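The values are calculated or read from the model by the stated rules, or taken from the named source; none is laboratory data. Note that the coordinates shown come from a computational prediction; the quantities given were computed from them, not determined experimentally. Heads up, the Cβs are rebuilt from the backbone with ideal geometry, glycines too, and the neighbour counts pull from every protein chain shown. Only protein heavy atoms, including side chains, enter the accessible area calculation; ligands, DNA and RNA are left aside. Shrake-Rupley method; radii C 1.70, N 1.55, O 1.52, S 1.80 Å.
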Amino acid sequence: MLKVVNSLFRTYLGRYRRELAMHYEDPLELQREVLDEILRVNRNTVFGRDHNFHAIIKDVKRFAAEVPLRTYEEHLPYLQRVLAGENRVLVDDAPDWVSTTSGTTGATKYLPVAHTSIRDIHLKGSWMSLACLYEKDEDLQVFGSRNLLIGGALKGLHPTLNLPQGDISALIINSIPRIMRPFYIPDVELATAVNYEEKIEKIARLAAKEEGITVLGGVPTWNLPLYRRILEIHGGENMLDVWPEARVFKHGGVNFAPYRAEFKKLFPAKDFIFQEIYNATEGFFGVQDKDELRTMLLLLNAGVYYEFVRWEDYQRGSRYTVPIDGVVAGEVYVMIITTLAGLYRYPMGDLIEFTETNPYRLKILGRTQEFINAFGEDLLRSEAEGALMQACGATGATVRDFTIGPVYIGVDRPGRHHWVVEFEQPPEDPEQFNQLLDDALIDANYNYAAKRSNDFAISRHELTVAPPGFFRDWLKSRGKQGGQHKVPRLSNDRKILEDVLKVVNL
């Protein structure tokens, strides 16, 4: 039976493998088709009529001229009409779900979504990620045994629409066709439960009894405690002692680099695949198509049309965008999206860099809110994470989570950065670790190096070590549990840092 299922699955996946090939052969055509479809399908909505969609189909320049960039707050006049029950406001389809998302300190954002949006954006992105896996390993048997899902939470019904609401990963799990659900554990109810600590314990007990798992996935910071608990229950030195045929770990949500060494210990097979995906509430944007590259292919056929603003320009207030064929490798951009789900020229808040443009591959550098420029250093998250990895690699330390904020210049002292780090394995010599981290930061960022010269404006960072489990408990105390919620790495003010220090020093 499983052979038949895998054979049918491989045949079905052929269409996505053909579309994957188009990313290498004619990527611009894929983007033209996506924008044309978005404008055509939604031309008779309130938003479409307000912005003359009828007249601008197939005209990229007029689209950029007639539709201004809009933040979530600027989408609210339309979103509120949808949330009040009005149809055909942003998209032609009536909503079936309400996706919820929020930052660590921000208010909850509500994005109504239809089944068609989940299918054409998120599920299609998932199929494309599997197509990439089959390009790497033709003999992969995704349904050779079960696959393990850890989702976000379903959070009851929206008060006015009376529709299910929750994290996007929970909505995606709920959208898995019933015929496919026997190939996944746990069941939908447990996978989308609200209490994460109870959920992880129940999944661990269930999964430890499972004879075989092929594909696993989720946010690394939430999967590590799950796998440790499974080993406690099952026994064994690594996860391949539990599931010898495990083949793939699909990860996203946080930079995987600080966790790679730990996951390789858990899955030590040489041919084990770690595949990064770029999936968010607003869309499924990228997938690691080549294991050796550590970058992601921008998905150009999954219901999202892309534009980009140079980060340097964005900081100065410019909103001049370029489409995909105008980007340059090595430049830092803010990503702007227009989607089949009803977001139009929406700044995602992600900083990305294209590593190449034939095909279009990128890496995530951080968030527009996650940088520190308190002293003119303009330190990005990717630079901080890279420096931290160098210090960890040289000292044998591993990090579970961290946050950084500025300590401002005083009359009698230079400024500095203050790091709060929760270690998985702390360094034996903290002084050596701090010096290596400082050296790596200086090497990573020219502006930081200039300000650090002779302690001119910035002295060496301060390090506070947080106890095990601190950041998970800190998020929980703020009602932020699960993979949708992550610790802000860098902040350009002291608000988050002071909140963290207040708790860590108790």
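Summary table
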{"read-out": "Where only alpha carbons of region 301-445 are counted, the Rg and the Dmax (Å)", "value": "18.1, 56"}
{"read-out": "For the chain: relative contact order, % (alpha-carbon pairs under 8 angstrom, 6 or more apart)", "value": "13"}
{"read-out": "Built amide H within the under 5 Å cut-off of G151, gap 5+", "value": "none"}
{"read-out": "For the chain, the fraction of alpha-carbon pairs in successive 10 Å shells from zero, as %", "value": "4, 18, 28, 28, 17, 5, 0, 0"}
{"read-out": "Accessible solvent surface per residue of region 17-126, calculated while the other protein chains remain in place, 1.4 angstrom probe, Å²", "value": "48"}
{"read-out": "Label zone at E312 (point 7 Å along Cα-to-Cβ), backbone N below 12 Å, region 320-360", "value": "331-333"}
{"read-out": "Rounded to whole Hz, the Karplus (6.51, -1.76, 1.60) HN-Hα couplings of region 453-467, x for glycine and proline", "value": "4, 6, 6, 4, 10, 10, 8, 4, 4, 9, 10, 10, 8, 8, x"}
{"read-out": "Ordering of 222-234, 314-326 by packing [mean C-beta count within 10 Å, highest first]", "value": "222-234, 314-326"}
{"read-out": "Within region 260-323, GluC sites (Glu not before Pro) in DSSP loop having at most 15 other beta-carbon neighbours inside 10 Å", "value": "E292"}
{"read-out": "Derived scalar couplings ³J(HN,Hα) [region 169-176; Karplus, 6.51 cos²θ - 1.76 cosθ + 1.60; whole Hz; x for Gly, Pro]", "value": "5, 5, 5, 5, 4, 5, 8, 5"}
{"read-out": "Prolate/oblate/rounded label for region 136-275 (Cα gyration tensor, a/c 1.5)", "value": "prolate"}
{"read-out": "Region 342-451: relative contact order as a whole-number percent, Cα under 8 Å and 6+ apart", "value": "23"}
{"read-out": "Region 6-60: GluC sites (Glu not before Pro) in DSSP loop, at most 13 other beta carbons within 10 Å", "value": "none"}
{"read-out": "Loop-located chymotrypsin sites (Phe, Trp or Tyr not before Pro) in region 398-458 whose Cβ has at most 14 other Cβ within 10 Å (DSSP)", "value": "Y408, F456"}
{"read-out": "For region 301-457, accessible area per residue (1.4 Å probe, heavy atoms of protein chains only), Å²", "value": "39"}
{"read-out": "Sulfur and carbon atoms: percent of accessible area, the chain [1.4 Å]", "value": "50"}
{"read-out": "For region 186-232: accessible area per residue (Å², 1.4 Å)", "value": "42"}
{"read-out": "Two-decimal Rg to Rh for region 255-305 - Kirkwood Rh, Cα set", "value": "1.05"}
{"read-out": "Anisotropy class of region 271-334 from Cα gyration tensor, a/c 1.5 cut", "value": "prolate"}
{"read-out": "Set K202/K476; K109/K363; K250/K363; K202/K270; K109/K250 screened for pairs whose C-alpha atoms are more than 21 Å apart", "value": "K109/K363; K202/K270; K109/K250"}
{"read-out": "Cα gyration tensor shape of region 150-209, rounded if a/c is under 1.5, else prolate or oblate by comparing a/b with b/c", "value": "oblate"}
{"read-out": "Estimated Rh, region 198-317: Kirkwood, alpha-carbon pairs, angstrom", "value": "16.2"}
{"read-out": "Antiparallel content of DSSP bridges confined to the chain, in %, to 5", "value": "70"}
{"read-out": "Amide H within-cut-off set for I213, under 5 Å, with H built and near neighbours excluded", "value": "E245, A246"}
{"read-out": "Using a Förster distance of 41 Å, the FRET efficiency for R413-E292 (Cβ separation, nearest 0.05)", "value": "0.35"}
